[in-house]
Amino acid sequence: MSSLEAIADAFFAAGSSFDWSALGALLAPGVQLRQNGARLTVEDLQKNVEAMAKSVRYSDVRRVVGDDAIVEQHTVTLELHTGQTLELPDVCVVMRVDPQGRITSLDEYLPNLPG
């Protein structure tokens, strides 16, 4: 397993367990986060996820790793606070990683949410 594979594994493990401290440790200072093109902070991401879901699961993972980048497509399954399940197929995440192994940018592309 490459070190970038390990970084991706650690990032999505932290996200699925709501371990924001571990997730933050993977990010470079000044990291650029975007969701469907809109900039957000780690705090925004945390608030958005925790407000919507009580659990997150990634499945059907397809990943390509380059010299300094990771591209992953997967299905995200959210267990909402209402008890309902929301499945988001074909979510795409593009990460850039610096030579120290920290994520410098992350772009997430989500399908249109219902409602």
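The values are calculated or read from the model by the stated rules, or taken from the named source; none is laboratory data. This is a predicted model, so every value here is computed, not measured. Here Cβ is always computed from backbone atoms with ideal geometry, including for glycine, and neighbour counts include all displayed protein chains.
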Any pair with Cβ under 8 angstrom, 6 or more apart, that starts in region 7-35 at a residue that is closer than 16 Å to Cys92 by Cα and in contact (Cβ under 8 Å) with a residue 12 or more places away in the chain and ends at one that is part of a loop (DSSP other than H, G, I, E, B) and of a type outside the set (Asp, Glu): Phe11/Leu26; Leu33/Thr41; Gln35/Leu110
Lone qualifier among Val71, Val93, Val65, Val61 - being within 22 Å of Gly37 (Cβ to Cβ) and out of contact with any Cys (no Cβ under 8 Å at 6 or more places or on another chain): Val93
Qualifying positions in region 6-17 - surrounded by 16 or more Cβ atoms within 10 Å (Cβ to Cβ) and not small (Gly, Ala, Ser): Ile7, Phe11, Phe12
Region 47-71 residues that are on the phi > 0 side of the Ramachandran plot, paired with ones that are not basic (Lys, Arg) (beta carbon under 6 Å, 6 or more apart): Asp60/His74; Asp60/Thr75
Cross-chain or 6+ apart pairs with Cβ under 7 Å, region 90-104 first and in contact (Cβ under 8 Å) with a residue 12 or more places away in the chain, then of a type in the set (Asp, Glu) and in a strand (DSSP E or B): Val91/Glu108; Val93/Glu72; Val93/Glu108; Val94/Asp107
Residues that are under 13 Å from Arg102 (Cα atoms) and among the charged types (D, E, K, R), drawn from region 10-20: none
Within region 105-114, tally of residues that are farther than 13 Å from Phe11 by Cβ, of a type outside the set (Asp, Glu) and at pLDDT 95 or above: 1
Matching entry among Ser3, Ser59 (being over 22 Å from Pro111 (Cα atoms), over 12 Å from the mean Cα position of the chain (by Cα) and either exposed (fewer than 13 other Cβ atoms within 10 Å of the Cβ) or at pLDDT 95 or above (or both)): Ser3
